[in-house]
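*Asks:* The structure is given below, and queries will be raised subsequently.
The values are calculated or read from the model by the stated rules, or taken from the named source; none is laboratory data. None of the values given here were measured: they were computed from a predicted structure. A quick note on method: Cβ atoms are made from the backbone with ideal geometry, for glycine too, and the neighbour counts reach across all protein chains shown.
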There are 2 protein chains.
Amino acid sequence: MKDLDSLAGVVELRHGAGGRDMAELIARLFVAAFGEGGEEDQAVLALPPGRVALSTDGFVIAPLFFPGGDIGSLAVNGTVNDIAMGGAEPVALTAGFILEEGFPLADLARIVASMAQAARAAGVRIVTGDTKVVERGKGDGVFITTAGVGVVAGSLSLSVRGARPGDAVIVSGTMGDHGVAVMATRAGFDFETEVVSDCAALNGLAAALLAAAPGTRSMRDPTRGGLAAVLNEIAQASGVGIVIREAAVPVHPAVRGACELLGLDPLYVANEGKLVAVVPPEQAAAALAALRAHPLGQDAAVIGAVRADPDRFVEMETAFGGRRMVDWIAGEQLPRIC
Amino acid sequence: MKDLDSLAGVVELRHGAGGRDMAELIARLFVAAFGEGGEEDQAVLALPPGRVALSTDGFVIAPLFFPGGDIGSLAVNGTVNDIAMGGAEPVALTAGFILEEGFPLADLARIVASMAQAARAAGVRIVTGDTKVVERGKGDGVFITTAGVGVVAGSLSLSVRGARPGDAVIVSGTMGDHGVAVMATRAGFDFETEVVSDCAALNGLAAALLAAAPGTRSMRDPTRGGLAAVLNEIAQASGVGIVIREAAVPVHPAVRGACELLGLDPLYVANEGKLVAVVPPEQAAAALAALRAHPLGQDAAVIGAVRADPDRFVEMETAFGGRRMVDWIAGEQLPRIC
């Protein structure tokens, strides 16, 4: 296992064969970074009391490294955020790796270190995992699928079905940073240094929001499909309409500029460290203040409101005073952005 | 979504884009089969009291369909079994799909139906999932990563570190059926009709074993790397030696014949519906009887014993009276067998 010692080698099929080579890869790379797992095929945890939230997310991003993160931090934060959006405190994650033969072990080590760091930052443990290796040309470097558990305290019940006419629609910050950072890296654009992914764990921000606005109806992180997808999902599931104001949607100037160059609409671009919350009107001010008081929510804004609409339309009042439909994304705008 | 209605189409990048096409794929294929999930990004469950077991497993098998199962049943049973081997009753699974552009939707529907059927048979729910699509040539049809939670009742504590000298080593049935069934299919051999994967959920069998032999030290399902890997893992982690008797290891005659043709050793070939248990000697008879009374354990056998050995060797008394080392698998014997 000289190649693992030096991390100068590459992933080979034997690393996924269930023998000594796999055991050593797991011990020297994964267990060393995550501080647990490895010997048992399952982790056994004593969870705090409460209902258990369960979520999973797969990551097939290209390129694997981008300004503000990499597939490792993304894989941790993505599942942490899916759990947190259910009102749960994330506790533990699993990590499943599908490696392509020939992938550099040094890159894998960098990704695994990034996962460990993201897990520490989010306050979760990576307790168990799995590694498979596919032949060259049957994968693309590394795919990671994380799953996780969290605990929902008390009787909290957030749901994409919970929005009611009159509710405020709040975003926790600027839209489109992650997707544009990845696309810019992929295209080799110069502005990539200005645009950085917002990849971050949202459990702290979500907890602050729920403490200030316990009547919150729904939280969701606008990843694939962007803000437009989340608003349509809420409108569809809740049987309501939503109207947002274009001028109220925060977009970083560099992201806006990049979107114009790339022909993208920030409303449809993925975020990895932002949340959308639907909050009853009487708690909107408290929710906004709580978000803005948190380092990840300084640009939070009320962007619109829920209204009765049997057609379940999402509409936007444009900067010019008109109104246009905000439909779901059509086709594939940004492949493999997360 | 005409192609989804008829299931005559193929997976396209738009099915992973986070928009309407993805929502419809999820609703019509996954939610329709699993009966839940789809709208929320996480599932919230009220688990029975006890510690929570958490496990994950990725599946990259080729071919996707084989005698006795497919990647779908494998993905459910694999994680169910990892949870059950920890002494937990599996409750809920997550399912993450990584689809290759161009993969036939009809095949995906068949796989998803197989997952739903396997989950019903195992008594678990598939509560949430994720779908990603990669470009043609960047994947291989479909990869599935499942994760799951189960509940460990009482103070039960099984561990790969638990084996002690004098303990009996028991297998629940014939070795090598799964790996040989897959390899035979891959090779296009005629005997494939005789050799059928043992792919099955072991939670019922494991519960029966633990009820009869509550002192059981360790359970493990011998998948990748086969029986040899599991015995070496136990010996290594427990700091003991293990001696098995070749004549006592059950191997189906057709599997033995296929192994001879293919140049394989059944001790190193993957199983997907068998368990290895280390049981204190005074409970071995009860354990064996309980396994044999279960439909999945009719061929159960005591194959050897744990002994003190600072070298942690696994050895086998051969049919000819000699003794040979049973080392870990070296290199890659059977790529993508699970």
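*Asks:* Restricting attention to strands (runs of 3 or more DSSP E) lying wholly within the range B:37-112, give those where 1 or more residues are of a type outside the set (Phe, Trp, Tyr) and at pLDDT 95 or above.
*Replies:* Correct list: B:51-59, B:89-100.
*Asks:* Hey, can you tell me all the residues within the range B:96-127 that are within 11 Å of chain A (Cβ to nearest Cβ) and touching a residue at least 60 places away in the same chain (Cβ under 8 Å)?
*Replies:* Those that are within 11 Å of chain A (Cβ to nearest Cβ) and touching a residue at least 60 places away in the same chain (Cβ under 8 Å): B:99, B:100, B:101, B:125, B:126, B:127.
*Asks:* OK, next. Collect the residues in the range B:155-167 that are away from chain A (no Cβ under 14 Å) and either surrounded by 22 or more Cβ atoms within 10 Å (Cβ to Cβ) or at pLDDT below 95 (or both), keeping them in residue-number order.
*Replies:* B:167 - this is the single residue of the range B:155-167 that is away from chain A (no Cβ under 14 Å) and either surrounded by 22 or more Cβ atoms within 10 Å (Cβ to Cβ) or at pLDDT below 95 (or both).
*Asks:* Answer yes or no as to whether residue A:179 is closer than 23 Å to residue A:95 by Cβ, surrounded by 21 or more Cβ atoms within 10 Å (Cβ to Cβ) and within 12 Å of chain B (Cβ to nearest Cβ).
*Replies:* no
*Asks:* Out of (1) without any contact (Cβ under 8 Å) to a residue 60 or more places away in the chain; (2) within 14 Å of chain B (Cβ to nearest Cβ); (3) not aliphatic (A, V, I, L, M), the odd one out for residue A:338 is which?
*Replies:* Of the numbered conditions (1) without any contact (Cβ under 8 Å) to a residue 60 or more places away in the chain; (2) within 14 Å of chain B (Cβ to nearest Cβ); (3) not aliphatic (A, V, I, L, M), the odd one out for residue A:338 is (1).
*Asks:* Would it be correct to say that residue B:336 is under 18 Å from the mean Cα position of the chain (by Cα), part of a loop (DSSP other than H, G, I, E, B) and not aliphatic (A, V, I, L, M)?
*Replies:* Spelling it out, residue B:336 is indeed under 18 Å from the mean Cα position of the chain (by Cα), part of a loop (DSSP other than H, G, I, E, B) and not aliphatic (A, V, I, L, M).
*Asks:* Then there is this: Can you find, within the range A:36-61, the residue that is surrounded by the fewest Cβ atoms within 10 Å (Cβ to Cβ) among those that are more than 23 Å from residue A:156 (Cα to Cα) and more than 8 Å from chain B (Cβ to nearest Cβ)?
*Replies:* Taking the candidates together, the pick is A:36.
*Asks:* Tell me yes or no: at least one residue of the range B:9-29 is under 26 Å from the mean Cα position of the chain (by Cα), within 12 Å of chain A (Cβ to nearest Cβ) and part of a strand (DSSP E or B).
*Replies:* no
*Asks:* Checking the condition under 21 Å from residue B:197 (Cα atoms) and either modelled with pLDDT of 95 or more or in a loop (DSSP other than H, G, I, E, B) (or both), which residue from B:116, B:147 passes?
*Replies:* Matching residue, one of B:116, B:147: B:116.
*Asks:* Now a separate question. In this structure, does residue A:18 turn out to be touching a residue at least 60 places away in the same chain (Cβ under 8 Å) and not aliphatic (A, V, I, L, M)?
*Replies:* Answer is no for this residue.
*Asks:* Any idea which of B:65, B:34, B:30, B:97 is more than 30 Å from residue A:219 (Cβ to Cβ) and among the hydrophobic types (A, V, I, L, M, F, W, C)?
*Replies:* B:65
*Asks:* I would also like to ask the following. Which of the residues that make up the range B:128-154 are at the interface with another protein chain (Cβ under 8 Å from one of its Cβ atoms) and charged (D, E, K, R)?
*Replies:* B:130, B:132, B:135, B:138, B:140
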